[in-house]
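One structure is given here, and the rest of the page talks about it.
The values are calculated or read from the model by the stated rules, or taken from the named source; none is laboratory data. Bear in mind that the values here come from a model prediction, so they are computed numbers and not experimental data. FYI the Cβ positions are ideal-geometry reconstructions off the backbone, even for glycines, and counts take in every protein chain you see. The area values use the complete protein model at the heavy-atom level, side chains included, leaving out ligands, DNA and RNA. Shrake-Rupley method; radii C 1.70, N 1.55, O 1.52, S 1.80 Å.
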Amino acid sequence: MGGQVAEQLRAAALAARRGDEGSAMTHAWLFTGPPGSGRSVAALAFAAALECEDPDVVGCGRCPQCLAVKARTHGDVLFIEPRELVISVKTVREEVVFPAAMQPTVSRWRVVILDNADRLNEYSGNALLKTFEEPPAHSVIILCAPSADPEDVIPTLVSRSRHLYIPLPRVDEVAAILTRDGQISEQAARLAASATGNHVGRARRLATDKEAQQRRSSILHLAELVYHGDQAFIAVTDIVKKTTRAAEAQLTEENEVEMEKLRTALGMGAKGRGVQKAQRGVAGQLKGLEDLQKKRKTRAIRDALDMSLVDLAGLYRDALMLATNAQVGLIHPDMQPLAQDLAKVGPRGLAACIDAVMEARHAIDVNVRPEAAMDAMVGRIRLASGVS
Ligand SMILES: [Zn+2]
């Protein structure tokens, strides 16, 4: 979180503590910023500052309130992360409007954070409007949208909130966030920040998740395997398989929970007269959820492959920078020796390699089978690098 953003939020929390409902504090907020800018980090930091019970500092980071908010276990701070592609009226009512109306149970404020607020449509946005316009005196509602543009959130909500734009942090800011707990070393944090284009969430995953590190390593080494006969093609199959498995694993658990919830809501598993007949009617709803989950899975696999390809493009970009003696930081500083080797291909060849990666991304996006798209990419990279 940049200094200015943090300063504004601190001022608001301080005003709230003083009971000064003047210019600094307001109950309805809209946080926007590009993916990875740390909107949820900012929203939770703000919530902690509001709930903090340290007499001298707002958001001390040490008191029970601060710790509970950070661990996302605070009874009065709700972090809603809708998975629906379009947020429904039901979700808004049950997860935002109703909880915001309740009295705080353990602290001074009820804070409801609704992420992915760009997925509100006219109807669900309207369902939120009244609460957002006149929030209960003890409630703060924060809408977060992964977008650079508040226009992506419905205008009636934008005009009733204070908008805070959270810019993408710099490498040292991401590193500072990641090293805060003392679990991640400074060096690992800086590398992860750089390798993910300063995306806080991805950087954290890369710094802590061995499998994510292995996937990155595999895709980057593809650039080396291109020079070794068929090995690059074999590696492609492996990369696609492992990326697919990882994306699936992440979704499977969530999907099961979601399906179970729907089954319960529909009264499945109940026995008795008439139940079977009623259940035939709800089969359509289950099928609908299944279809949605399937689509989501396809999307998640494509996104994961796309991120890997962005990593690979970054390596060729580093090589291009080295080949042209551009004095800029590398995206993958730990791969400098490989980038140095690749630099021998020369600027024109490297530009063609980057094009090849971009074409593969596009192909996968328009439904070409990932192995096929990536095999074609390897073929083009070999050609561009003068391997025959
Ligand atoms: Zn505190």
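Overview of results
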{"quantity": "Among beta bridges that DSSP assigns inside the stretch 3-168, antiparallel share in %, nearest 5", "calculated": "0 percent"}
{"quantity": "Accessible area (Å², 1.4 Å probe, nearest 10) - Y165", "calculated": "100 Å²"}
{"quantity": "Spatially proximal aspartates and glutamates relative to K130 (Cα-Cα < 19 Å; intrachain offsets below 8 disregarded)", "calculated": "E94, E95, D115, D118, E122"}
{"quantity": "Sequence-distant residues sharing a close amide H with L120 (under 5 Å, placed H)", "calculated": "I87"}
{"quantity": "Given charges at beta-carbon only (K, R positive; D, E negative), |dipole| of the chain in Debye", "calculated": "1000 debye"}
{"quantity": "Under 5 Å, built H, 5+ apart or other chain: amide partners of L143", "calculated": "W29, L30, F31, L114"}
{"quantity": "Charge dipole of the chain about the Cα centre (unit charges at C-beta), most positive-ward option of I301, M358, V106", "calculated": "I301"}
{"quantity": "Size of electric dipole in the stretch 150-223: Cβ of Lys, Arg +1 and of Asp, Glu -1, about Cα centre, debye, nearest 20", "calculated": "80 debye"}
{"quantity": "Cβ-placed point charges (K, R +1; D, E -1), dipole of the stretch 231-384 about Cα centre in debye, nearest 20", "calculated": "900 debye"}
{"quantity": "Cα pair distances in the chain, grouped into 20 Å bins until the bin that holds the longest one, percent each", "calculated": "23, 49, 26, 2"}
{"quantity": "Those trypsin sites (Lys or Arg not before Pro) in the stretch 1-67 that DSSP places in a loop and that have at most 12 other beta carbons within 10 Å", "calculated": "R18, R62"}
{"quantity": "Solvent-accessible area of E133 with every protein chain in place, 1.4 Å probe, in Å² to the nearest 10", "calculated": "90 Å²"}
{"quantity": "Carbon + sulfur, % of accessible area of the stretch 3-168 - ligands and nucleic acids excluded, 1.4 Å", "calculated": "53 percent"}
{"quantity": "Under Karplus coefficients 6.51, -1.76 and 1.60, residue-wise ³J(HN,Hα) of the stretch 323-330 in Hz, glycine/proline x", "calculated": "5, 9, 6, 6, 8, 10, x, 8"}
{"quantity": "Per-selection Rg to Rh, the stretch 231-384 - Cα, Kirkwood hydrodynamic radius", "calculated": "1.23"}
{"quantity": "The stretch 231-384, accessible surface, carbon-and-sulfur percent (1.4 angstrom probe)", "calculated": "54 percent"}
{"quantity": "Restraint check, K90/K261; K261/K295; K242/K294; K241/K344; K210/K241; K242/K287, Cα-Cα greater than 25 Å", "calculated": "K241/K344; K242/K287"}
{"quantity": "Inter-centroid distance (Cα atoms) of the stretch 192-211 relative to the stretch 341-388, Å", "calculated": "24 Å"}
{"quantity": "For L168, solvent-accessible area (1.4 Å; no DNA, RNA or ligand), Å²", "calculated": "80 Å²"}
{"quantity": "Whole-angstrom gap from the stretch 51-129 to the stretch 135-191, using each part's C-alpha centre", "calculated": "14 Å"}
{"quantity": "Fully extended contour minus Cα-Cα distance, from V368 to Q285, at 0.36 nm per residue", "calculated": "26.9 nm"}
{"quantity": "Accessible surface, the chain, averaged per residue in Å² (probe 1.4 Å)", "calculated": "51 Å²"}
